[in-house]
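I have placed the structure first, in the form of structure tokens, so that the comments after it can refer back to it.
The values are calculated or read from the model by the stated rules, or taken from the named source; none is laboratory data. On a predicted model such as this, the values are computed, not experimentally measured, just so you know. Neighbour counts are summed over all protein chains in view; Cβ atoms, including those assigned to glycine, are modelled from backbone coordinates with ideal geometry. Heads up: the accessible areas ignore ligands, DNA and RNA and are worked out on the full protein's heavy atoms, side chains in. Shrake-Rupley method; radii C 1.70, N 1.55, O 1.52, S 1.80 Å.
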Amino acid sequence: MTVIIAHRGSAGTHPENTLPAFMEAVRTGADGIELDVHLTADQHLVVIHDESVDRTTDGKGLIRELTLEEIKELDAGSWFDEKYQATKISTLQEVLNLLLQMRFRGFLCIEIKTNKFHYPGIEEKISSVMTSKEWPFTYWYTSFNIDSLRILHEYEPDAQYDLIQKNDLEKYKTVLDSDFIEGVHPSYDWVKQNPSIVKEYEKAIRPWTPNLYETMMACFENKLAGIITDFPEKAIRARSRYNK
């Protein structure tokens, strides 16, 4: 079965990478949830996609140059809808606490955002949080940056690792040649443009972000390992329809 992974929570219906988006992803019954992690100036792990706060908050500046206290003052919801004006950027720990409270039993896909800046020590910090207790859900790590995955693999040799690619024509080969990377997370455009590679590929493929009904159905028909979508509820309905 093609699993459904809620991209940045339910990013199509709620402000991405925020607690409301993750709550919605759990409510829909998504098999998995994907999120992005950066490191603040004072060494806190925060969940946000971009390297700066400019696009998804009312503030400006790079995550790596702002403290957690400064980041917590920002409105991270109004850009999406005024009703989310009280929404804040969360720490990784706060998201984990929410998933515990909501009895989430799927899997958490943690993307380490080191493809533009490599935050020194971010891998050790993430691993320290994730190995601090037994979670009722499973988790794995993804990144565009294979070096981050290699560093994490040193800390957690038994965890699952997936490499992300956009339209790179070599990364999928890197995954095949690697003995510890389980799969590739390519853009859906890459999947569409490379049907012969997709058909013969020996490892898991989970593209981002098939959001249209037609693209979701194409992934189900190709029996891909998973899809990473902004609309998990829509995807669950589409999968039910396909299975019938």
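Of everything listed in (1) open to solvent by less than 30 Å² (accessible area, probe 1.4 Å); (2) touching a residue at least 40 places away in the same chain (Cβ under 8 Å), the single unmet condition for Phe231 is (1). Scanning the stretch 56-112 for residues that are in a strand (DSSP E or B), open to solvent by less than 40 Å² (accessible area, probe 1.4 Å) and under 18 Å from His38 (Cβ atoms) yields Ser90, Thr91, Leu108, Cys109, Ile110, Glu111, Ile112.
Scanning the stretch 180-200 for residues that are of a type outside the set (S, T, N, Q) and either at pLDDT below 95 or open to solvent by 30 Å² or more (accessible area, probe 1.4 Å) (or both) yields a total of 9. Just so you know, in the stretch 163-179 the residues that are in a loop (DSSP other than H, G, I, E, B) and not hydroxyl-bearing (Ser, Thr, Tyr) include one that is least open to solvent (accessible area, probe 1.4 Å), and it is Asp168. Residues of the stretch 1-55 that are open to solvent by less than 20 Å² (accessible area, probe 1.4 Å), over 13 Å from Glu233 (Cβ atoms) and in a loop (DSSP other than H, G, I, E, B): Thr2, Pro15, Asn17, Thr18, Thr40, Ile48, Val53. Condition check: touching a residue at least 24 places away in the same chain (Cβ under 8 Å) and open to solvent by less than 30 Å² (accessible area, probe 1.4 Å). Does Leu149 satisfy that? Yes; evaluated as a whole, the condition is true for this residue.
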